[in-house]
Amino acid sequence: MTDASPSPGPSAAQPYPPGFVWGVSTSAYQIEGAAAEDGRGPSIWDVRCRTQGGVVNGDTGDVACDHYHRMADDVALMTGLGVDAYRFSVSWPRVLPRGRGGVNEAGLDFYDRLIDRLLESGIEPWLCLYHWDLPQALQDLGGWANRDSVGWFGDYAALCARRYGDRVKRWATFNEFSVFTLFGYAFGWGAPSIADRATHLAVIHHVNLAHGAGVDTLRALVPGASIGAVHSVQPMRPASSRPEDVEAAALFDEHWNWAFPDPQLRAHYPPRIARAIEPHVRPGDMARIARPLDWFGLNHYAPVYGRRDDSLIWGFGFGSPPPEMTRTAIDWPYDPDCFRDTLIDLTRRYRLPIYVTENGYGTKAPETPDADGRVVDADRLAYLQAYIAAMAEAKARGADVRGYFVWSLLDNFEWGGGYGTRFGIVRVDFTTQARIPKESARWYAGLIRGA
Ligand code: FCB
């Protein structure tokens, strides 16, 4: 970053005391590439991209940002930004190519090098165990629909805890439980491309149990661990006042927002799901799920408008926001007040410190550099400014927010959006792999410097 970086403006920086954590987030499959290198096994996302379709352009994560080979440069970019922390995920099939059993030393070494490089650079590693890339070998055994997945995840957590727990103290079990389970097992729009009610219910319960097993494992094996889970909370609003939309949105709300944090933090499922999930719940399960946690990870982007949709298995689906609502370049509602209110409500509901583990702005624009080589992403910059100001308001009204991670450090493989959707504050040219910090990155660096 240079001295020419735009100034953050006093109102954005002042509410954040020293110790407030400023970071950036990524995930393994979205950036690493090297999909078939050094012994990595296939994940369910490799299989979805290759054989199940549904990804823009036929894109895959085979190369992605080539972060596996460019890790040191990417940490240097973070040093340039001045971030305090980096949230990344471990690729389960890179360290356990068949999901269990034989470990892959080369894969484990990669994260050793990353963690060491971060620590040498004064950046705290925040390690997320699961950001959606289940080893395909485990999917072949039923994946999360098989109750044995609880033990598989516990063993994988133990491997990571033993290997990295001397240096990594911030741990998250899963990223966005509700999103990968809904999209992967109910809508069929994400890996492993299933749409089946009974499978979806079993998966919800087993993933909750796996979370509990992961927490217990980390607690036992990592002295001084600070453990959380990362939830997608996007307030649900009915797309119309028609009773069928209101009722569908209520069920959608339970699934999207509460099916995981409620059992994990209050030891019960929300009412409609509780009835349906009962056959999967064995005595003692709720206590196994509800293990004490140190923080709540919030990924927030926009409210969701739910409606009745009989083409989808649960009868709920996505409606349109009101026409007068401002939207981002990928048509997501733009509503910083909703972010502020979500932070306040979650503080009241769960009484845990909150880290905003993802928030950011996506566009389908190519964001090519201008004649001076600058990438002027004015809309993303304005979005971050407004959302960070909304977070300050939330703090002033009692929300216990302790940190904020931008999604994302880099443009990357944006799941079904492939490489056509860019969320990075650093631009990636996917032909040359050249990185250019965008204007939003310069602004964010300035904010952190002033914070
Ligand atoms: C979240 C995911 C993350 C990224 C952002 C845009 O749902 O956790 O991987 O795709 O959305």
Please report, in Å, the Rg and the Dmax of the chain, where both are computed over Cα atoms only.
20.6, 65
All other residues with a Cβ under 15 Å from the Cβ of GLY420 taken together, and with Lys, Arg as +1 and Asp, Glu as -1, what is their net charge?
-3
Amide H neighbours of HIS231 at under 5 Å, excluding residues fewer than 5 places away on the same chain, with H built from the backbone geometry, are GLU176, GLY297, LEU298, ASN299
Using the charge dipole of the range 21-450 (Lys, Arg: +1 at Cβ; Asp, Glu: -1 at Cβ; taken about the Cα centre), state which of GLY99, VAL230, PRO42 has its Cα farthest towards the positive end.
VAL230
From the phi angles alone, apply the Karplus equation (6.51, -1.76, 1.60; θ = phi - 60°) to the range 24-32 and give each ³J(HN,Hα) in whole Hz, x where the residue is Gly or Pro.
9, 10, 8, 9, 4, 5, 6, 10, 5
Taking K and R as +1 and D and E as -1, what net charge do the other residues with C-beta under 14 Å from the C-beta of ALA106 add up to?
-2
Phi to ³J(HN,Hα) by Karplus 6.51 cos²θ - 1.76 cosθ + 1.60 over the range 304-310, Hz, x for Gly, Pro
10, 9, x, 8, 5, 8, 6
Which whole-angstrom value gives the distance between the alpha carbon centres of the range 297-341 and the range 50-74?
27 Å
What are the ³J(HN,Hα) values, in whole Hz, obtained from phi via the Karplus relation 6.51 cos²θ - 1.76 cosθ + 1.60 with θ = phi - 60°, for each residue of the range 430-447 in sequence order, with x given for Gly and Pro?
6, 8, 9, 6, 5, 10, 9, x, 7, 4, 5, 5, 5, 5, 4, 4, x, 4
Sum up the charges of everything whose Cβ sits under 12 Å from the Cβ of ARG340, counting Lys and Arg as +1 and Asp and Glu as -1, but leave ARG340 out.
-3
Per the 1/(1 + (r/R0)^6) rule, R0 = 25 Å and r from the Cβ atoms of TRP189 and GLU247, FRET efficiency to 0.05 is 0.65
Expressed in nm to one decimal, what extension gain is obtained for the pair ARG374 and ASP331 from 0.36 nm per residue of sequence separation less their Cα-Cα distance?
13.0 nm
Along the dipole axis of the chain (charges at Cβ: +1 for Lys and Arg, -1 for Asp and Glu; origin at the Cα centre), the most positive-end residue among GLY33, LEU298, GLY450 is LEU298
Antiparallel %, DSSP beta bridges [both residues in the chain], to 5:
20 percent
Ordered by packing density, taken as the mean number of other Cβ atoms within 10 Å over each peptide's residues, highest first, how do 309-319, 404-414, 35-45 rank?
404-414, 35-45, 309-319
When the dipole is taken about the Cα centre of the chain, and only Lys, Arg (+1) and Asp, Glu (-1) are charged at their Cβ, what size is it in debye, to the nearest 20?
1040 debye
Using +1 at the C-beta of Lys and Arg and -1 at the C-beta of Asp and Glu, which of VAL179, TYR387, ALA158 has the Cα lying farthest in the positive direction of the dipole of the chain?
ALA158
Residues in the range 262-301, backbone N under 16 Å from the label point at ARG147 (7 Å along the Cα-to-beta-carbon vector): list them, ranges by number please.
277-289
For the chain, what does -39500 (n - 2.57) per DSSP helix run (n ≥ 4), summed and divided by total residues, give at 222 nm, in deg cm²/dmol to the nearest 500?
-11500 deg cm²/dmol
Calculate the dipole size of the range 107-198 relative to its Cα centre from +1 charges on Lys and Arg beta carbons and -1 charges on Asp and Glu beta carbons; express the result in debye to the nearest 20.
200 debye
I need the peptides 123-136, 379-392 ranked by packing, meaning the mean over residues of other C-beta atoms within 10 angstrom, with the highest value on top.
123-136, 379-392
Restricting to aspartates and glutamates and to Cα separations under 15 Å from LYS364, and discarding same-chain partners fewer than 8 apart, the set is ASP59, ASP331, ASP377, ASP379, ASP411, GLU414, ASP429
Area of ARG307 that stays accessible when all protein chains are in place (1.4 Å probe, Å², to 10)
90 Å²
Give me the percent of DSSP beta bridges within the range 308-451 that run antiparallel, rounded to the nearest 5.
60 percent
Once ALA220 and ASP345 are pulled to full extension, the length gained, defined as 0.36 nm per residue separation minus their Cα-Cα distance, is 41.9 nm
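The values are calculated or read from the model by the stated rules, or taken from the named source; none is laboratory data. Values in this document were obtained by computation on a predicted structure and should not be read as measured data. In this analysis, Cβ positions are derived from the backbone assuming ideal geometry, glycine residues included, and neighbour counts consider all displayed protein chains. In case anyone asks, the SASA skips ligands and DNA or RNA and just uses the protein heavy atoms, side chains included. Shrake-Rupley method; radii C 1.70, N 1.55, O 1.52, S 1.80 Å.
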